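The values are calculated or read from the model by the stated rules, or taken from the named source; none is laboratory data. For clarity, every value in this text was computed on a predicted model and none was experimentally measured. No Cβ is skipped: glycine too gets one built from the backbone with ideal geometry, and neighbour counts run over all protein chains shown. Protein only, heavy atoms only, side chains kept; ligands, DNA and RNA dropped before computing areas. Shrake-Rupley method; radii C 1.70, N 1.55, O 1.52, S 1.80 Å.
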Amino acid sequence: MTSYSIAAIPGDGIGGEVISAGVDVLHALAAKDGSFSLTVEPFAWGADYYLEHGEMMPSDGLEILKGYDAIYFGSAGDPRIPDHITLWQLRLKICQGFGQYANVRPTRVLPGVDCPLKGVGPGDFDWVIVRENSEGEYAGVGGRAHQGFDQEVGMDVSVFTRAGVERIHRFALDLARSRPRKLLTMVTKSNAQRHGMVMWDEIFDRVKADFPDVKTDRMLVDAMTTRMVLDPKSLDTIVATNLHADILSDLAAALSGSLGIAPTANLRPEKDFPSMFEPIHGSAFDIMGKGIANPIGSFWSASLMLDHLGEHTAARRLMTAIERVTGAGSIMPRDLGGEATTKEVAEAVINAIRTSNE
Ligand code: ATP
């Protein structure tokens, strides 16, 4: 029997609630499958850890995580701590420290879920947004000078490297090739950003020549928001920079019905370091501790994790179970218009897994 070790970092806010539900679901899948087992080790890193120790995770945190097959992450963010600290010292430290350069975000409308777009429903669109996850606008390069004086200046420099751009375009083209429509839309802003983004476009044109079977097109990021809303069926796989894709994927999550559904995989495709899987939503302090957070984003992320580990049957079984529950419509979390608690949604999905014929 194959055995996987998973590091669980629930983090802050509703992270603990959705990850604990996700771990229960993972154990139910392993029991149903019978051919693999999981050991899940929790790490209490995040805001409370920061308030006690002055850092979001211990200085040897990456060393500790290195030994795991995958990382299952909740959320980071706390009103008591500036956002750039919670983001940079935990999530980004792991993504960048392990070279998880491909951030993959599937989006579609699940059965039983209302899409906010008129006339669009389940099956009408099926997107995967590929976000460059290691550099670009999140490179952390820049600085402040003359602080407190009139001439104070703050700079964030976007960094695009040939190697970084080439590998994300290649990854996205490969992914597009593996999907039925073989269609990739490349998002850019090279009309306004005349250096890094022009290089981004040029490298795309070169790399796509190696994928003659993939149909490609190109959109400016501003026009892309309009196309996602007005013509969602025309899109399939999408590749964009770190910041552009961050914004587009929140829009995509809203179009799929709720931020509470959307999953993310931070992939290290070479598998020499662990990859990390997390719901897109943040810590949502407004609903923390109430037991009403939608856990579907964390379940879908667990399905991406199983796919990455090679457990494709279990990954598919989990998606089918989620869709059976949302499709039936009687047990729906509040953000999807129902009354069910996090626990009730988890129990319904676990029940669908146990009774699955797949
Ligand atoms: P952060 O600063 O950590 O990104 P946030 O609270 O500003 O977090 P999100 O957590 O991303 O932002 O979500 C915004 C709002 O969407 C929340 O305040 C919450 O009301 C709702 N929301 C997000 N995730 C969920 C969920 N899983 N279930 C139900 N509602 C959710």
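Could you tell me how many of the residues in the stretch 229-257 are open to solvent by less than 40 Å² (accessible area, probe 1.4 Å) and in contact with a Pro (Cβ under 8 Å, 6 or more places away or on another chain)?
So the count comes out to 2.
Mind telling me which of the residues S249, S258 ends up being in contact with a Lys or Arg (Cβ under 8 Å, 6 or more places away or on another chain), among the small types (G, A, S) and in contact (Cβ under 8 Å) with a residue 40 or more places away in the chain?
After applying the criteria, what remains is S249.
Would you check if A76 is within 16 Å of the ligand (Cβ to nearest atom), within 21 Å of the chain's Cα centre (by Cα) and closer than 21 Å to T264 by Cα?
The answer is yes for A76.
So, T107, is that one more than 22 Å from the chain's Cα centre (by Cα) and touching a residue at least 24 places away in the same chain (Cβ under 8 Å) or not?
Considered against the rule, which asks whether it is more than 22 Å from the chain's Cα centre (by Cα) and touching a residue at least 24 places away in the same chain (Cβ under 8 Å), T107 comes out as no.
Residue check: is W45 within 16 Å of the ligand (Cβ to nearest atom) and open to solvent by 40 Å² or more (accessible area, probe 1.4 Å)?
no
Go through the stretch 25-47 and report how many residues are at pLDDT below 95 and among the acidic types (D, E).
Counting residues in the stretch 25-47 that are at pLDDT below 95 and among the acidic types (D, E) gives 1.
State yes or no: is R170 in a helix (DSSP H, G or I), in contact with a helix residue (DSSP H, G or I) (Cβ under 6 Å, 6 or more places away or on another chain) and open to solvent by 50 Å² or more (accessible area, probe 1.4 Å)?
Working: in a helix (DSSP H, G or I): yes; in contact with a helix residue (DSSP H, G or I) (Cβ under 6 Å, 6 or more places away or on another chain): yes; open to solvent by 50 Å² or more (accessible area, probe 1.4 Å): yes.
So R170 fits the description; yes.
If G327 satisfies every condition in (1) more than 14 Å from the ligand (Cβ to nearest atom); (2) within 16 Å of the chain's Cα centre (by Cα); (3) assigned by TED's automatic domain parsing to the domain that holds P10 but one, which is the exception?
The single condition G327 does not satisfy is (2).
(1) away from the ligand (no atom under 16 Å from the Cβ); (2) more than 16 Å from the chain's Cα centre (by Cα); (3) open to solvent by less than 10 Å² (accessible area, probe 1.4 Å): which one isn't true of D222, the others all being true?
(3)
Hey, A321 hits all of (1) open to solvent by less than 30 Å² (accessible area, probe 1.4 Å); (2) more than 14 Å from the ligand (Cβ to nearest atom); (3) modelled with pLDDT under 95 but one; which does it fall short on?
(3)
Counting only residues that are in the same structural domain as E358 (by TED's automatic domain parsing) and under 28 Å from A252 (Cβ atoms), give me the helices (runs of 4 or more DSSP H) lying completely in the stretch 34-151 with at least 3 of them. Outline the logic, then answer.
Details: elements: 47-53, 61-65, 83-86, 92-97.
In the stretch 34-151, 83-86, 92-97 are the helices (runs of 4 or more DSSP H) which contain 3 or more residues that are in the same structural domain as E358 (by TED's automatic domain parsing) and under 28 Å from A252 (Cβ atoms).
Which residue, of G338, G327, is open to solvent by 40 Å² or more (accessible area, probe 1.4 Å) and of a type in the set (G, A, S)?
Going through G338, G327 in turn, the sole match is G327.
If you take the residues of the stretch 1-20 that are within 19 Å of A346 (Cα to Cα) and out of contact with any helix residue (DSSP H, G or I) (no Cβ under 8 Å at 6 or more places or on another chain), which of them is least open to solvent (accessible area, probe 1.4 Å)?
Taking the candidates together, the pick is G15.
Tell me, which residue of the stretch 280-318 that is in contact with a helix residue (DSSP H, G or I) (Cβ under 8 Å, 6 or more places away or on another chain), in a loop (DSSP other than H, G, I, E, B) and within 10 Å of the ligand (Cβ to nearest atom) is most open to solvent (accessible area, probe 1.4 Å)?
M288
Take the residues in the stretch 183-211 that are in a loop (DSSP other than H, G, I, E, B) and out of contact with any helix residue (DSSP H, G or I) (no Cβ under 6 Å at 6 or more places or on another chain), then tell me which one is most open to solvent (accessible area, probe 1.4 Å).
For the stretch 183-211, the residue satisfying everything is R194.
Please verify whether the stretch 40-51 includes one or more residues that are of a type in the set (S, T, Y) and free of Cβ contacts under 8 Å to residues at least 12 places away in the same chain. Please lay out each step first, then the result.
Restricting attention to the stretch 40-51, the residues satisfying the condition of being of a type in the set (S, T, Y) are 49-50.
If we keep only those that are free of Cβ contacts under 8 Å to residues at least 12 places away in the same chain too, we end up with 49.
Yes, the conditions are met somewhere in the stretch 40-51.
Is it true that D83 is acidic (D, E) and either open to solvent by less than 10 Å² (accessible area, probe 1.4 Å) or in contact with a Phe, Trp or Tyr (Cβ under 6 Å, 6 or more places away or on another chain) (or both)?
In short, no.
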